[in-house]
Amino acid sequence: LRKIWLPLIFRNFDPLRDRYEEDTPYSGAPVITPDGSLQHRNFYPANDVDWARLDVAPGSYLINTSGLAANTDTVLRLFASNGVTQLAENDDCTLYTRASCITWTTNTATTLYVQIVPYNAQSIGADRWYDLTVVRP
């Protein structure tokens with residue numbers, strides 16, 4: 001029997017967390033690019049708040065959640081570069097979805113922060129997945 005010693009990061013790995021953790025506070029947020037690429041995320045563990053950093057040029061951007069697992073309900077909030085000043089918020093894009101969306105137009109190049117929170121306790125869990133995307137319409 002041969003022992004294999006794993007680095008500390010692997011010994012504490014929780015396979016139920018999404019690959020974008022640790023993304024709290026906002027200053028640790030991973031970058032999301034406005035090219036439609038999906039970030040597959042979940043609200044796990046309890047009290048999980050997700051963040052993404054968006055570096056923008058002048059123009060319009062559509063930020064949205066999609067691909068929600070059963071019982072998952074997202075709320076999107078957009079923050080200025082200081083991570084404190086809230087610029088926009090959306091719970092449901094339409095009456096027929098629990099997905100969220102924000103369209104934002106800026107005249108300057110800046111950094112924005114996207115916060116994604118669960119709408120309620122039923123949205124929290126390792127199986128409460130959603131996709132985050134940003135596109136330039």
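The set of residues from segment 67-88 being assigned to a strand (DSSP E or B) and surrounded by 13 or more Cβ atoms within 10 Å (Cβ to Cβ) comprises THR74, VAL75, LEU76, ARG77, LEU78, PHE79, LEU87, ALA88. Taking the criterion of being among the small types (Gly, Ala, Ser) and more than 16 Å from THR24 (Cβ to Cβ), the residues of segment 73-100 that qualify are ALA80, SER81, ALA88, ALA99, SER100. Screening TYR113 against (1) more than 16 Å from TYR130 (Cα to Cα); (2) surrounded by fewer than 18 Cβ atoms within 10 Å (Cβ to Cβ); (3) in contact with a helix residue (DSSP H, G or I) (Cβ under 9 Å, 6 or more places away or on another chain) leaves a single unmet condition, (2). The set of residues in segment 13-53 being among the basic types (Lys, Arg) and modelled with pLDDT under 80 consists of ARG17, ARG19.
Of all residues in segment 95-106, exactly one satisfies the criterion of being within 15 Å of LEU62 (Cα to Cα), out of contact with any Leu (no Cβ under 7 Å at 6 or more places or on another chain) and open to solvent by 30 Å² or more (accessible area, probe 1.4 Å), namely THR105. Within segment 90-137, the set of residues being free of Cβ contacts under 8 Å to residues at least 40 places away in the same chain and in a strand (DSSP E or B) comprises ASN90, CYS101.
Restricting attention to segment 32-66, and to residues there that are of a type in the set (S, T, N, Q) and outside any loop (DSSP other than H, G, I, E, B), which single residue is surrounded by the most Cβ atoms within 10 Å (Cβ to Cβ)? Among those residues, the one meeting the criterion is THR65.
Checking the structure you have, find out if any residue of segment 121-129 is in contact with a His (Cβ under 8 Å, 6 or more places away or on another chain) and either among the basic types (Lys, Arg) or surrounded by 17 or more Cβ atoms within 10 Å (Cβ to Cβ) (or both). Yes, that holds for at least one residue.
The values are calculated or read from the model by the stated rules, or taken from the named source; none is laboratory data. A quick note: this is a predicted structure, and the numbers were derived from the prediction, not measured. Cβ atoms come from the backbone with ideal geometry, glycine included; neighbour counts cover every protein chain shown. Please note that ligands, DNA and RNA were not included when accessible areas were found on the heavy atoms of the full protein model with its side chains. Shrake-Rupley method; radii C 1.70, N 1.55, O 1.52, S 1.80 Å.
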